[in-house]
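Structure first, then comments.
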Amino acid sequence: MSKKTIVLTGGSGSGKSFYEKFLNVNGFEKFISHTTREARVKDNEKDGFDYYFVTKEEFKNVEMLETTIVKDNFYGLSLNEYLSKEGNCVVVVDPNGTKQLIDKVGKENLVTILLDIDLEERKQNMLDRGDTIEAIEKRLLNEDFVNDYYNLGLKPDILIQERLDVPKILLDKINDFLNIKIDIERWF
């Protein structure tokens with residue numbers, strides 16, 4: 001089996017980071033993206049672990065597979081980071097990032113997953129993780145990840161439309177899609 005990249009896309013509070021961490025624990029390497037934003041001290045973010053924190057000038061000099069801009073900060077997955085991984089990997093991107101990856105590395109090398117979670121459930125997830133009502137409303141104001149996804153002509157390999165209380169279900173769906181078996185005993 002060739003290397004596959006799991007591409008997670010979903011709106012704020014849909015569980016992207018949770019599923020990414022679950023997949024990391026279960027054998028999927030994490031891609032480390034570049035960003036021009038400052039490291040978040042409150043989250044104890046570390047350069048080279050959470051992100052590669054670079055200046056805008058440095059960012060422009062890196063060959064990227066996908067990029068996006070959020071609040072005047074650039075984010076992107078570099079070609080070197082992609083090529084440095086030998087096994088299956090996972091990355092979290094927005095709909096445009098999914099499209100860029102498909103265009104640059106080929107759909108056959110990806111498993112695209114769209115997390116289309118109900119808005120009220122997403123709001124509750126953000127409250128549960130400590131976000132304020134004001135921050136939630138601001139993040140969701142112009143967010144329409146699902147329509148953006150489909151408007152780009154994308155069709156997910158796996159569609160998740162409800163929170164999975166047992167994250168193993170996502171791994172089972174990926175295994176079914178890839179027709180591979182991954183040892184998940186480390187998680188439980």
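The values are calculated or read from the model by the stated rules, or taken from the named source; none is laboratory data. As the structure is a prediction and not an experimental result, all values here were calculated from the model. Please note: Cβ atoms are built from the backbone with ideal geometry, for glycine as well, and neighbour counts cover all protein chains shown. Surface areas here come from the heavy atoms of the whole protein model, side chains and all, with no ligands, DNA or RNA. Shrake-Rupley method; radii C 1.70, N 1.55, O 1.52, S 1.80 Å.
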Task: Cα-projected label distance for residue 159 with residue 109, points at 7 Å along beta-carbon direction, nm - done: 2.7 nm
TODO: Tell me the label-point distance for the pair residue 86, residue 69, using the 7 Å Cα-to-Cβ offset, in nm and rounded to one decimal.
DONE: 3.9 nm
Task: Charge dipole (the chain, unit charges on Cβ, about Cα centre) - positive-most of 156, 126, 136 - done: 156
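Round to the nearest 0.05 the FRET efficiency obtained for residue 140 and residue 172 when R0 = 30 Å and r is the Cβ-Cβ distance.
On the way: r = 30 Å, r/R0 = 1.00.
Once rounded, the FRET efficiency stands at 0.50.
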Open item on the list: Taking Rg and Dmax of the Cα atoms in Å straight from the coordinates, which label in [x] 17.5, 56; [y] 16.2, 51; [z] 16.2, 46 is the correct one?
Closed with: [z]
- [ ] Over region 31-78, give the accessible area per residue in Å² for a 1.4 Å probe, as an integer.
- [x] 64 Å²
Open item on the list: Can you tally the net charge around residue 100? Count Lys and Arg as +1, Asp and Glu as -1, for every other residue whose Cβ sits under 11 Å from the Cβ of residue 100.
Closed with: -1
Open item on the list: What is the distance in Å between the Cα centroid of region 2-48 and that of region 66-140?
Closed with: 8 Å
Task: the chain, accessible surface, carbon-and-sulfur percent (1.4 angstrom probe) - done: 48 percent
Task: Solvent-accessible heavy-atom area per residue, rounded to whole Å², over region 79-122 at 1.4 Å - done: 43 Å²
